[in-house]
Structures are given as structure tokens and as C-alpha cells.
Amino acid sequence: MAFSSTPSKRLLLSCFVLPVIAYIGVLCFYPLPSDAKDDGVMQIFVGAFFSQLCMGIIIAAPVAWVLHRITDRPWLATGISFSLLLVLLCGITIYGSKSHSDKAAAAPSLPVQSVLNEFQPAGFSVVVPTDWRRVPRAQSSTIAHWSNPGQNNADVESQIELKLHKVKPGFTTVEEATASFAKHWGGRVLDEVHEVDGALAAKVKVDQLTPDLNISEGLITIHDGRLYVLVMLRKAGNSQHQNLLEEIRSNWKWIPAESPSDYLELEEEPFQALEGKVSFRIPAVMARYPIENPAETVGLEIVNFVRGAWDVGLTVGVGKLPQGGLDGAKLRITNGMRLLKGFRDEIVWKPLSSEQRTVTTPIRVVRNGTANWIMWGIVEGSNQNIALLTITIADLQSDQRDKYVLMAEQMMETFTFQDTNMPPSTTP
């Protein structure tokens, strides 16, 4: 049966309308290569959708028109060619979408905590002024430390410091703690009542300032058995940032405290240690702790505020490679630590990225009824320089301990020697 020059409604529906509907459905249900649909920006998605739809029709229509002009059955050829081209474009769209998804799935993913919330382990969230510069924490009780923008350490006019302490006798209430801090700082307790996200708080004002940085005001609050102290440090004559503590207080939110083992991403800026002899990267949840001979050894720790105890302690010392080279150093450490710690477990050394960076597997040690896991590491630099690390991990669950072991190894990979004038060997 010959087709007339005018297409039937059934031919128009099957060869023109249905393929367009199918193509629209494919564009709706499969992500576009540009990922505009996933971006959540509806305007971009709609624009990209109609652009691709129009492009498909523009490609199919001219081909169909050419066949319409040169064939004996123009409408049949036009409908079939139009349909086939749109079906082909549907296939290309589906293939491109799946290929794009496969590449995205195969790409290496960043750690879950690629952007560190440094306050999550301490049980709160707060918005910090973005133009203030972070200062390395001097001790583990300091949660955060910032200085005013655009200044060198020698020129700093004001700083903010946030400390966290365990509630203890004499500091069981906000009133007791505030009175004690006011006496220690030489300030006075303000009369007005404050709250920090529903928790009672009080303020201390220090009127007499000196040319040096000293506390000018403080905010004290207690929540979930922890004492939080937020202070502003200023020099005499500096009246800037008068309302900054109030701004921080107003956006403070309490959240469940979490283990610091989930927040171990190393900071980009290296930590300078031992008067500039070495530098290495550490996580933001790690801070110094007091140690004897700080010029020869630096002590760092991570405090778990959920447990109310430390999770990791780390000491770093520097010296010269002893006789026998790196193998001699490992042997001396192995023999010495067996003698000092009184254990007989096998100490297994393994290299990291190179033979010049080596670390032991963790060994469980029980002393005075307390169990910990201990590791040792050596980093060899140029000119016979070495750094010796001792890593002590609390007796935690294996998944948490494994995270700290990995953290220690990653830190060792970042060690850099800055000073070739090293002291005599401190290796035992």
C-alpha cells in the first residue's frame, strides 16, 4: 500500500512525537555530562536540558529533511530517520552518563574529614571571624588560638584563646570558676547574666592592661562536665574588636563531642620543633604538653574530651646517626627499650616511603597495671642527622588505634630537617 503525501496521524505519532518524548525522558532521568542536574541549580539544569534537546532535534531534523526530498516515500523515510537518530542520541546520552559515573566512582575519594572541624571533638561548633589568623596551640588544654589579621607575631595587638578544662573541686559551678579566674587575672566579675546556647555563663573584665598582651576579658561556661574559658588578649590602648567575644558567644552551639580519632587530617602548615631543627605536619587536634629539656625533646599529645584522658602521646628528639648507621640505631633502640620497659615481645621494624624512614609495629606494654601501645620511629636526614620518635597510644579499640598508627606514619613522611648543626646523638 502506497503512502500518501500527507502522513497519517499514527505515523506522525510513532515516528515524530514518541521519539521526542523518549529523548526528553532520557535527558531527565540520566545525569548530564556537565553534572548540572547534580549541582542542584535548577536554572543551570533547565538551560542545559533544553540546549541538549534542541541540539538533538537540530541534528536529526536536517538529515530527515534530506531523506524526505530524495526518497520515493518521503514521510516514511523522514519518520524512520528522525526516530533512529533520536534513538542513537538516547544511547549516546545513556552511555555518556554511565561512563561519567564510572569515572567519578573510580576517582580517589578524599577522607571523610577532608575539611577539619577542630571543635567537634570538644563538643561545640562556633563561627570564627574568617580574617583572623590561627596560632599553633601551646598546650592541649587550648582548643584554639587566633590572632588579629595581617600582623606578624611581634606586632600582634590582640588575640583570642579558647581553653577547656575538666570540672574539678573549686570549679564545679560557673560562679566558683568565674570568681577564681577574676582573682587570677586581676579583673572583676560583671553583674549581667549570660548564656551560651542555653548554658549559664559569666564574664570577667580586666580594666588595667599593660603594653604586653594580657587578658582583657573572659567568658566562662560549663557544659557536660567540661569548663570552657574564652578569653580576649589585648595590649593597653587597643580598643579594637570590643564585641568579638559577644559575637562568638551568640553563634555558639553545643553538639555531641566525638573521638579525635575521626579528625586526624594533617594540617598544611608544618609544625616547627626543637628551635627550628625539624618541621613536620600534625593534625589540628594535637598540641604540646610540658616536658623536661624542651630544647632537646618536644612533647605532643591528643586529648580525648569524651574519655577525659589522652589518646596519644608523642615525643621527638634529634641527634646524630650512631655507629652502624640506621641498622645500628634500630638495634640500640630495640635493646635499650627492651631493657627499660621490661618486655620481651618482638620489635618489628618496617620502612615507610624509603629506607631512611622506618617505624616499628605497635607493641602492647603493661606497666603499673596500665596498658598502652608503643611505637618507635627513625627519620634519617642528611649529614648523619636523625630524628627519633616515641609514640604512645592508649589501650583503645583496634579501629581507633589503627587510625593513630596511620597518623604517626603519615607524620613521619612529612619530617624535614632544617638545621644541619645537630647535637650529639640522643639515641639510647
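Residues of region 285-310 being surrounded by 16 or more Cβ atoms within 10 Å (Cβ to Cβ) and of a type in the set (K, R), which ones?
Across region 285-310, the qualifying residue is only R288.
Just to be sure, is I393 open to solvent by less than 30 Å² (accessible area, probe 1.4 Å), at pLDDT 95 or above, of a type outside the set (D, E) and touching a helix residue (DSSP H, G or I) at 6+ places or on another chain (Cβ under 7 Å)?
Values: open to solvent by less than 30 Å² (accessible area, probe 1.4 Å): yes; at pLDDT 95 or above: yes; of a type outside the set (D, E): yes; touching a helix residue (DSSP H, G or I) at 6+ places or on another chain (Cβ under 7 Å): yes.
Answer is yes for this residue.
Of everything in region 269-298, what is small (G, A, S) and more than 19 Å from L406 (Cα to Cα)? Give them in sequence order. Lay out the reasoning, then the answer.
Within region 269-298, the subset small (G, A, S) is 273, 276, 279, 284, 287, 295.
Within region 269-298, A273, G276, A295 meet the criteria.
Just one of the numbered conditions (1) in contact with a strand residue (DSSP E or B) (Cβ under 6 Å, 6 or more places away or on another chain); (2) without any contact (Cβ under 8 Å) to a residue 40 or more places away in the chain is not true of V167; which one?
For V167, the failing item is (2).
How do the pairs read when you match residues in region 257-282 that are under 13 Å from I302 (Cβ atoms) with residues anywhere that are assigned to a loop (DSSP other than H, G, I, E, B) and modelled with pLDDT of 90 or more, using Cβ under 6 Å and keeping only pairs 6 or more apart or on different chains?
Pairs that qualify, where the first residue is under 13 Å from I302 (Cβ atoms) and the partner is assigned to a loop (DSSP other than H, G, I, E, B) and modelled with pLDDT of 90 or more, are L266/R281.
Please tell me if V366 is open to solvent by 80 Å² or more (accessible area, probe 1.4 Å), in a loop (DSSP other than H, G, I, E, B) and hydrophobic (A, V, I, L, M, F, W, C). If you could, list the steps in order and put the result at the bottom.
Working: open to solvent by 80 Å² or more (accessible area, probe 1.4 Å): yes; in a loop (DSSP other than H, G, I, E, B): no; hydrophobic (A, V, I, L, M, F, W, C): yes.
Here the answer is no, as V366 does not meet what is asked.
Would you mind telling me which numbered condition in (1) at pLDDT below 95; (2) open to solvent by 70 Å² or more (accessible area, probe 1.4 Å); (3) out of contact with any strand residue (DSSP E or B) (no Cβ under 8 Å at 6 or more places or on another chain) S398 fails?
Unmet for S398, out of (1) at pLDDT below 95; (2) open to solvent by 70 Å² or more (accessible area, probe 1.4 Å); (3) out of contact with any strand residue (DSSP E or B) (no Cβ under 8 Å at 6 or more places or on another chain): (2).
Could you pull out the residue among A273, A257 that is open to solvent by less than 20 Å² (accessible area, probe 1.4 Å) and not polar (S, T, N, Q)?
Details: A257 fails: open to solvent by less than 20 Å² (accessible area, probe 1.4 Å).
Testing whether each residue is open to solvent by less than 20 Å² (accessible area, probe 1.4 Å) and not polar (S, T, N, Q) leaves just A273.
Being of a type outside the set (K, R), open to solvent by less than 40 Å² (accessible area, probe 1.4 Å) and assigned to a helix (DSSP H, G or I): is that true of M375 here?
No, not satisfied.
Can you pull out every residue in region 113-144 that is modelled with pLDDT of 75 or more and of a type in the set (A, V, I, L, M)?
Within region 113-144, A122, V126, V127, I143, A144 meet the criteria.
From (1) among the aliphatic types (A, V, I, L, M); (2) farther than 19 Å from R307 by Cα; (3) open to solvent by less than 30 Å² (accessible area, probe 1.4 Å), pick out the condition that doesn't hold for L406.
(3)
Hey, does region 204-216 have a residue that's of a type in the set (S, T, Y), part of a loop (DSSP other than H, G, I, E, B) and open to solvent by 50 Å² or more (accessible area, probe 1.4 Å)?
yes
How about region 217-234: which of its residues are touching a residue at least 40 places away in the same chain (Cβ under 8 Å) and open to solvent by less than 40 Å² (accessible area, probe 1.4 Å)?
I220, T221, I222, R226, L227, Y228, V229, L230, V231, M232, L233, R234
The values are calculated or read from the model by the stated rules, or taken from the named source; none is laboratory data. None of these values were measured; they are calculated from a predicted model. Neighbour counts run over all protein chains shown; Cβ positions are idealised from the backbone, glycine included. Surface areas here come from the heavy atoms of the whole protein model, side chains and all, with no ligands, DNA or RNA. Shrake-Rupley method; radii C 1.70, N 1.55, O 1.52, S 1.80 Å.
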